[in-house]
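To keep things clear, I will list the structure first and then write my remarks on it.
The values are calculated or read from the model by the stated rules, or taken from the named source; none is laboratory data. Because the structure is a prediction, the values reported are computed rather than measured. Here the Cβ positions follow ideal geometry from the backbone for every residue, glycine too, while neighbour counts run over all protein chains shown. Surface accessibility is based on the protein's heavy atoms, side chains included, excluding ligands, DNA and RNA. Shrake-Rupley method; radii C 1.70, N 1.55, O 1.52, S 1.80 Å.
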Amino acid sequence: MTAPSRSQGMRVVHLPARTPYAWKLQSRDFHILNETKIRGGETVPATVGAEWLLAHRPLSWLDVLHLHHIDFEDVATLERLLDACLEEGVHVVFTAHDTRPMVGSADGFMERLRVLHSAEVGWVCLTEGSVTTLTEVIGERPEAAVIPHGYVAAPEALVDLEREPSSSAARYLMFGASRASRDQLSTMANWSLGTPDPRSTLHVLLRAFSPADFAEGGRAPLLLETARRDPRIRLSMRPYPTDEEVAQAGLASDALLLPYLWGSHSGQLELAFDLNLLPVCSLTGHLPEQYEWHKGMVEEPEWFDWSHGHPNLFGEKFLAALQRATARLGSGTRPLDRDFLEYRAHEHKTILDDYARVYGGDR
């Protein structure tokens, strides 16, 4: 695919662009250049990094650099990239998906945030709570636009779909990468031992393991062994689960398990809203604010509070929430909410308009 010209709207590179969040930002006002050809016939990688961009100067072929996850970028290289963008008129926007690092140290993450703040890039936060937290982290309040996460499953893709019917007991789903921010292992064990109904099922859809998952202290071997001991648990793996694969898994389920140990927001929670799944969710970060944003249109999650108390109590808190969720699921089927999906379409247009303003330099 050849990159669009400047006359077709602002040309945007996402760093990186493999996430569903980045790829849904499609508009007549701007175009994503990742996985398109630029001058010289080279293709901008979906997982483009700072080094690749610096090797393809001058940056006259793009207008906006949209940073998402900065944990993997060397600080010095990130500074060089920001300097290059300033020199060559490329506007930089940073969406602060997280308020603490997914990888690396807290000090390294804080240093990167301060570099971005001092460079006066355009900031976007997904919740008001994140702005408050980041203010505490960097010592000053960033001039951030607050733009909510929005849908994960595109409403138009769900028009002709419906939840798969089931005459059996509750069907649970848990998906995502094996990250330190999620307690997949004890959640799976507690679900298995704490769910007596032989008809109930748990589908665990995983992102591909890396060698680190099997290194000393890695959770993958125990996770696999736990799943093998209960035939009601079905494991499946994809290189990087697509929106369509996750939506199909959700439509074959009734509830979504979200055992976050920490996290500022959750795209998985938004997916539960899209598919009318009952979220069984830890009360962490600014997830309650995501629910409040849609309050009255979506069902409140079944919360379990891991923010207080000793970690030895986490299991019983989760199991108590699971029992409450099972009782709620026994009340009937859970069809997709067409009114909410219609609202999602309008919400998405507002999100795109807000991003167009941020891309253009307004905050």
**Message:** Take residue 150 and tell me if it is in a loop (DSSP other than H, G, I, E, B) and in contact with a helix residue (DSSP H, G or I) (Cβ under 8 Å, 6 or more places away or on another chain).
**Reply:** yes
**Asked** Taking region 121-134 as the region of interest, how many residues are under 11 Å from residue 96 (Cβ atoms), among the hydroxyl-bearing types (Ser, Thr, Tyr) and outside any loop (DSSP other than H, G, I, E, B)?
**Response** 2
**Message:** One residue is enough: does region 282-298 have a residue meeting the conditions in a loop (DSSP other than H, G, I, E, B) and closer than 19 Å to residue 253 by Cα?
**Reply:** no
**Request:** Filter region 116-137 down to residues that are within 23 Å of residue 85 (Cα to Cα) and open to solvent by 20 Å² or more (accessible area, probe 1.4 Å) and give me whichever is modelled with the lowest pLDDT.
**Result:** 120
**Request:** Evaluate the following for residue 316: is it within 16 Å of residue 272 (Cβ to Cβ) and either open to solvent by 70 Å² or more (accessible area, probe 1.4 Å) or in contact with a His (Cβ under 6 Å, 6 or more places away or on another chain) (or both)?
**Result:** no
**Request:** Determine which single condition residue 234 fails, assuming it passes every other condition in (1) at pLDDT below 95; (2) out of contact with any helix residue (DSSP H, G or I) (no Cβ under 7 Å at 6 or more places or on another chain); (3) under 20 Å from residue 177 (Cα atoms); (4) not small (Gly, Ala, Ser).
**Result:** (1)
**Request:** State which residue pairs qualify: first residue farther than 26 Å from residue 299 by Cα and part of a loop (DSSP other than H, G, I, E, B) and inside region 231-256, second residue among the polar types (S, T, N, Q) and open to solvent by 10 Å² or more (accessible area, probe 1.4 Å) in any location, beta carbons under 6 Å apart, and separation of 6 or more residues or different chains.
**Result:** 232/201
